[in-house]
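The values are calculated or read from the model by the stated rules, or taken from the named source; none is laboratory data. All figures in this text were calculated on a predicted structure; none of them were measured in a lab. In this analysis, Cβ positions are derived from the backbone assuming ideal geometry, glycine residues included, and neighbour counts consider all displayed protein chains.
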Amino acid sequence: MTEILIRNAAYVATMDDAERELRNVDILVKDGVIADIGTGVASDGEVIDAKGFLVTPGLVNTHHHLFQTLTRAVPGAQDSLLFGWLQRLYPIWSTLTPEDMYLSAQIGLAELALSGCTLAADHMYLFPNGSRLDDTIAAASDIGMRFQPTRGSMSIGVSDGGLPPDSLVEREADILEDSIRLIDTHHDASEGSMCRVSLAPCSPFSVSQNLMRDSAILARDKGVMLHTHLAENDEDVRYSLEKFGCRPGQYAEDLGWVGDDVWFAHVVKLDAQEIDLFAKHRTGVAHCPCSNCRLGSGIAPIREMRDAGVPVGLGVDGSASNDSGNLMSEARQAMLLQRVAKGADAMSAREALHIATRGGAEVLGRHDCGQIAVGKRADIAMWNITSIEMAGSWDPIAILLAGPQKVHNLLVEGRQIVRDGILTTVDLPLAIERQNNRVGALLE
Ligand SMILES: [Zn+2]
């Protein structure tokens with residue numbers, strides 16, 4: 001049995017059912033699970049002194065495209081709307097290899113971990129040159145992060161009226177066959193699982209309705225979740241109206257894509273009726289505020305969604321439409337954006353932190369994660385409250401979104417993967433060097 005005692009934490013934002021905030025308490029971790037919270041807790045295991053620290057649940061990232069960490073700030077894609085941005089990047093992505101997929105996932109996940117993330121979903125929807133979802137699963141396993149890889153897909157190329165080039169689309173039978181292989185090989189539904197696979201056709205403008213429907217049937221048969229992009233901007237909604245004769249919410253409902261086993265990325269352009277639909281079915285949303293700003297997509301109606309009861313988590317989205325993968329700064333952006341839209345009381349820092357932790361865990365169906373509570377998985381972030389960003393603060397929990405910029409210690413399933421601000425599981429300088437060398441080769 002392995003034990004870690006987090007001793008005398010100055011502050012704990014538990015995100016438990018009572019939203020308790022604790023002072024000067026110990027947290028005992030046994031075999032990956034939070035076993036005790038209190039004062040004077042005894043342990044024979046490793047002790048982490050938490051006197052100058054704020055402890056929160058690990059952050060949860062509900063939407064990413066890890067392969068895009070190789071294509072940050074690409075000239076020609078820096079200032080485009082969604083469709084033009086995609087058309088610039090598709091040809092570059094078509095040259096990526098399995099090694100690139102591993103490397104970019106490693107960098108993306110390392111960046112997330114250093115921002116306090118313990119559980120990440122990834123949406124990989126193109127598989128050039130023999131790339132497989134297994135490449136990113138290997139990267140997550142090597143880092144030690146809890147992972148929810150989604151088997152994305154594109155089946156409608158340019159010649160069939162879709163957006164992606166024909167060279168990047170797959171046959172639908174092949175997509176479904178590989179989905180079955182991945183679920184059978186990697187999906188673990190058990191409590192405390194480190195890897196759960198989901199199915200994720202890329203978007204209404206890159207797959208057929210048949211594939212959407214078949215993916216939903218397969219997902220329910222196998223007991224896995226469903227994910228895709230929806231209602232990302234006005235172009236996206238216009239495409240839906242012109243091509244399918246309905247708004248995105250109706251499109252999703254008609255194809256069986258509503259329920260608590262479904263979560264959508266972005267949904268910036270949901271109307272009141274669609275919000276009610278999502279709330280009724282407990283359909284989840286991955287809110288990606290930085291990406292929405294970067295692509296000029298708009299401000300998602302998160303206040304209305306939360307008030308209606310729609311489950312909401314955060315996503316950094318791919319690095320090609322964010323330029324960063326820092327989940328804590330994403331939480332801050334979420335708070336700020338609702339205030340721009342609705343006023344200074346539209347979202348508190350505590351609500352944004354809730355969305356970034358427990359909210360995300362619930363969107364991903366991970367009710368065993370996202371809280372500092374006895375019996376929950378030991379996914380724990382420790383933030384240094386003696387840092388310069390905290391100096392002068394009257395309320396460390398309220399200011400956390402503004403810094404420190406990096407987590408000090410991070411536990412996933414009770415394993416310390418960040419220690420004193422350093423990732424313990426990856427040679428990060430080497431990985432960065434490899435990544436930059438690869439970008440140099442892509443530029444040639
Ligand atoms: Zn996305």
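Please tell me if Cys202 is buried (at least 17 other Cβ atoms within 10 Å of the Cβ), under 23 Å from the mean Cα position of the chain (by Cα) and not aliphatic (A, V, I, L, M).
Numbers: buried (at least 17 other Cβ atoms within 10 Å of the Cβ): yes; under 23 Å from the mean Cα position of the chain (by Cα): yes; not aliphatic (A, V, I, L, M): yes.
In short, yes.
Tell me yes or no: at least one residue of region 291-303 is assigned to a helix (DSSP H, G or I), within 16 Å of the ligand (Cβ to nearest atom), surrounded by fewer than 24 Cβ atoms within 10 Å (Cβ to Cβ) and among the charged types (D, E, K, R).
Scanning region 291-303, I find at least one residue that is assigned to a helix (DSSP H, G or I), within 16 Å of the ligand (Cβ to nearest atom), surrounded by fewer than 24 Cβ atoms within 10 Å (Cβ to Cβ) and among the charged types (D, E, K, R), so the answer is yes.
Taking region 62-81 as the search range and keeping residues that are of a type in the set (Ser, Thr, Tyr) and assigned to a loop (DSSP other than H, G, I, E, B), which one is farthest from the ligand (Cβ to nearest atom)?
Ser80
Within region 271-290, track down each residue that is within 18 Å of Asp236 (Cα to Cα), in a helix (DSSP H, G or I) and of a type in the set (A, V, I, L, M).
Residues satisfying the conditions are Ala272, Ile275.
If only one of Glu274, Glu330, Glu351 is under 23 Å from Ala77 (Cβ atoms), touching a residue at least 12 places away in the same chain (Cβ under 8 Å), out of contact with any Asp or Glu (no Cβ under 7 Å at 6 or more places or on another chain) and charged (D, E, K, R), which one is it?
Glu330
Are any residues in region 63-94 within 20 Å of the chain's Cα centre (by Cα), more than 17 Å from Cys202 (Cβ to Cβ) and not hydroxyl-bearing (Ser, Thr, Tyr), and if so, which ones?
Leu70, Arg72
Yes or no, residue by residue, for (1) modelled with pLDDT of 95 or more; (2) within 16 Å of the ligand (Cβ to nearest atom); (3) touching an Asp or Glu at 6+ places or on another chain (Cβ under 6 Å):
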site	(1), (2), (3)
Leu211	yes, no, yes
Asp214	yes, no, no
Asp221	yes, no, no
Thr228	yes, yes, no
Gly245	yes, no, no
Gln250	yes, no, no
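Let me confirm something: among Gly318, Gly313, Gly325, which residue is within 16 Å of the ligand (Cβ to nearest atom), within 20 Å of the chain's Cα centre (by Cα) and within 10 Å of His287 (Cβ to Cβ)?
That would be Gly313, the only listed residue that is within 16 Å of the ligand (Cβ to nearest atom), within 20 Å of the chain's Cα centre (by Cα) and within 10 Å of His287 (Cβ to Cβ).
Scan region 157-174 residue by residue and report those that are surrounded by 12 or more Cβ atoms within 10 Å (Cβ to Cβ), touching a helix residue (DSSP H, G or I) at 6+ places or on another chain (Cβ under 7 Å) and either hydroxyl-bearing (Ser, Thr, Tyr) or in contact (Cβ under 8 Å) with a residue 40 or more places away in the chain (or both).
Those that are surrounded by 12 or more Cβ atoms within 10 Å (Cβ to Cβ), touching a helix residue (DSSP H, G or I) at 6+ places or on another chain (Cβ under 7 Å) and either hydroxyl-bearing (Ser, Thr, Tyr) or in contact (Cβ under 8 Å) with a residue 40 or more places away in the chain (or both): Leu163, Pro164, Pro165, Leu168, Glu172.
Among the numbered criteria (1) within 16 Å of the ligand (Cβ to nearest atom); (2) touching a Leu at 6+ places or on another chain (Cβ under 6 Å); (3) touching a residue at least 60 places away in the same chain (Cβ under 8 Å), which single criterion is violated by Gln87?
Going through (1) within 16 Å of the ligand (Cβ to nearest atom); (2) touching a Leu at 6+ places or on another chain (Cβ under 6 Å); (3) touching a residue at least 60 places away in the same chain (Cβ under 8 Å) one by one, Gln87 breaks only (2).
Suppose we filter region 253-264 for residues that are within 16 Å of the ligand (Cβ to nearest atom) and out of contact with any helix residue (DSSP H, G or I) (no Cβ under 7 Å at 6 or more places or on another chain); how many remain?
Selection size over region 253-264: 2.
Looking at Ser321 and the list (1) modelled with pLDDT of 95 or more; (2) surrounded by 22 or more Cβ atoms within 10 Å (Cβ to Cβ), which single condition is not satisfied?
(1) is the only condition that Ser321 fails.
Limited to region 271-290, what total is found for residues that are within 16 Å of the ligand (Cβ to nearest atom) and crowded, with 24+ Cβ neighbours inside 10 Å?
6
Cβ-Cβ distance below 7 Å, separation of 6 or more or different chains: which pairs start in region 415-444 with a residue that is in a helix (DSSP H, G or I) and end on one that is modelled with pLDDT of 95 or more and of a type in the set (Asp, Glu)?
Between residues of region 415-444 that are in a helix (DSSP H, G or I) and residues that are modelled with pLDDT of 95 or more and of a type in the set (Asp, Glu), the close pairs are Arg438/Asp100.
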